[in-house]
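All remarks here apply to the structure that follows.
The values are calculated or read from the model by the stated rules, or taken from the named source; none is laboratory data. The structure displayed is predicted, hence computed values, not measured ones. Glycine also receives a Cβ, built like all others from the backbone with ideal geometry; neighbour counts cover every protein chain displayed.
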Amino acid sequence: MTSARQQAGFAMVSAIFLMVVLALLGGVMVSLSNSQQISAVRDLLGTRAYYAARAGIEWGAYQALQASSCPVSTALPGAVAATGFTVAVACSASGPFDEGGVSTTLYRITATATTGTLGQHDHAERQLQALVSQP
């Protein structure tokens with residue numbers, strides 16, 4: 001009769017142990033899911049920041065090649081700002097250089113796209129540079 005009582009107490013201890021282990025496993029799964037979700041959001045913001053900076057490069061190249069000069073530093077207007085990104089475009093010209101009798105000017109264009117608050121989950125920043133030339 002004493003062995004039956006010992007086994008009944010053992011069943012309760014093992015049930016409590018199993019419940020604690022399952023609760024810890026559930027907590028780990030929720031934590032892992034959260035970190036994966038944050039990682040996916042950061043990847044998406046990084047990609048969007050890259051394309052916003054690329055739009056800044058294209059805008060700066062257009063300005064440089066159409067007007068044969070470029071602004072020293074400016075914020076990209078309109079469409080990109082509507083996406084939630086701030087895009088700063090800087091440009092510097094060097095030259096003219098003589099390339100086989102043709103005068104060529106080089107433009108170094110730097111575009112920086114940012115969004116969110118530094119140090120927070122919503123922060124993303126990308127910076128691109130390009131060299132364009134105009135004969």
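Can you tell me which residues in segment 110-135 are more than 12 Å from Cys91 (Cα to Cα), of a type in the set (Gly, Ala, Ser) and part of a strand (DSSP E or B)? Correct list: Ala113, Ala124, Ser133.
Restricting attention to segment 57-85, the residues that are over 25 Å from the mean Cα position of the chain (by Cα) and modelled with pLDDT under 80 total 6. Checking Val41, Val13, Val30 one by one, the residue that is at pLDDT below 85, closer than 23 Å to Ala113 by Cα and of a type in the set (A, V, I, L, M) is Val41 and no other. Scanning segment 100-135 for residues being touching a Phe, Trp or Tyr at 6+ places or on another chain (Cβ under 6 Å) and either modelled with pLDDT under 80 or loosely packed, with under 15 Cβ neighbours inside 10 Å (or both) gives a total of 1.
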